[in-house]
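Read the figures in this text as sums done on the coordinates, not as results from a lab. Note that the structure is a prediction, hence the values are computed from the model and not measured. Note that we place each Cβ from the backbone using ideal geometry, even for glycine, and neighbour counts take in every protein chain shown.
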């Protein structure tokens, strides 16, 4: 539960950025040489599509750990194989009309299917369950992500207008500004809505783990 919380805390700002400003990210990083503005637009759409599956990408390791700890490697593999099958079918359906974006969407959907199946199997086996703190944290982190997304959208518009007349590097300047100020905003939202006490649970559980290891 704590691993899921910490993973979500670090993932949400990346998810919001990839969904809201993918074109800017691609232009700032790669718009030079033969990489054109159209290429940046296409790559940005692909990045946003992959971002849909960012949460299951990073959570699946934590969700499969209880199975591996009990020597059960078969169940996560079954879930993964089903997810791969779903992924392939959706890729076949979407790669024609949506090209590379369809492939990215299919990969993201497959990741959600994999995570959902692993969570279902874990719950049915009684080896993993969300506690009250995790449920509250998910709600609060979702709220933080929504507020952060709104503020990032407004900040992106302001920064774009501010640097529009620069002779060069206006996308790079905009991205750096969003990264710095956006990071400060996200940190402030986390401290206000979650509070410092929220982080103490991680230190506390580390001490408990150390005591258990020493006793062994």
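If I fit a long axis through the Cα atoms of helix 170-193 and take the longest principal axis of the Cα atoms of the chain, what angle between them do I get, 0 to 90°, rounded to 10?
Approximately 40 degrees, to the nearest ten.
What's the extension gain from residue 89 to residue 184 if we count 0.36 nm per residue and subtract their Cα-Cα distance?
Extra length available between residue 89 and residue 184 comes to 30.0 nm.
Angle, helix 2-20 long axis vs. longest principal axis of the chain, Cα atoms, 0 to 90°, nearest 10?
Approximately 20 degrees, to the nearest 10.
Once the convex hull of the C-alpha atoms of the chain is built, how many Å³ does it hold per residue, rounded to a whole number? Walk me through the numbers on the way to the answer.
Values: hull volume 34.1 nm³, N = 216.
It is 158 Å³ per residue.
Evaluate the distance, in nm, between pseudo-label points positioned 7 Å from the Cα of residue 129 and of residue 2 along their respective Cα→Cβ axes.
Calculated label separation equals 2.0 nm.
For residue 74 and residue 14, calculate 0.36 nm times their separation in residues minus their Cα-Cα distance, and state this gained length in nm to one decimal.
On the way: separation 60, 0.36 × 60 = 21.60 nm, distance 3.18 nm.
Using 0.36 nm per residue and subtracting the Cα-Cα distance, I get 18.4 nm.
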